[in-house]
1. In degrees from 0 to 90, rounded to the nearest 10, what is the angle of the helix 49-73 Cα long axis to the longest principal axis of the chain?
2. Charges at C-beta only: +1 for Lys and Arg, -1 for Asp and Glu. How large is the resulting dipole of the chain about its Cα centre, in Debye rounded to 20?
3. In terms of the Cα gyration tensor, with a ≥ b ≥ c the square roots of its eigenvalues, is the chain rounded because a/c is under 1.5, prolate because a/b exceeds b/c, or oblate?
4. Which is the longest run of the chain containing none of the trypsin sites (Lys or Arg not before Pro) found in DSSP loop states (not H, G, I, E, B) with at most 15 other C-beta atoms within 10 Å?
5. Using +1 at the Cβ of each Lys and Arg and -1 at the Cβ of each Asp and Glu in the chain, identify which of Ala68, Ala27, Leu13 lies farthest towards the dipole's positive end.
Amino acid sequence: MEHSEFAEQREDLLQSIKRDEEEVRVAMRDLTGAAGFQLDVSERIRKFPLSWTIGALFVGLWLGSRRARVDVAGERRS
């Protein structure tokens with residue numbers, strides 16, 4: 001009786017290990033793909049230069065207005 005329970009547990013564990021190995025393979029493949037992905041900002045800027053220019057202008061205005069408010073109040077924020 002104990003031998004059959006042991007054999008059954010062993011078989012369950014082996015199947016579980018096979019499933020886990022497959023999950024690890026899939027995760028490694030996904031990780032390898034993600035690590036190989038590089039964000040090419042220069043290519044996006046070349047495709048949409050006006051959008052990037054306008055975006056940079058707004059960010060500059062926003063940052064500049066925050067700095068001007070701090071200077072007027074006489075306080076310096078970090």
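1. Roughly 70 degrees, rounded to the nearest 10.
2. 1340 debye
3. Here the chain falls in the oblate category.
4. Longest gap between qualifying sites, sites excluded: 1-75.
5. Ala68
FYI, it's all coordinate maths here, none of it is from the lab. Please read all numbers here as calculations on a predicted model, not as lab measurements. Here the Cβ is made from the backbone with ideal geometry for all residues, glycine too, and neighbour counts use every protein chain on show.
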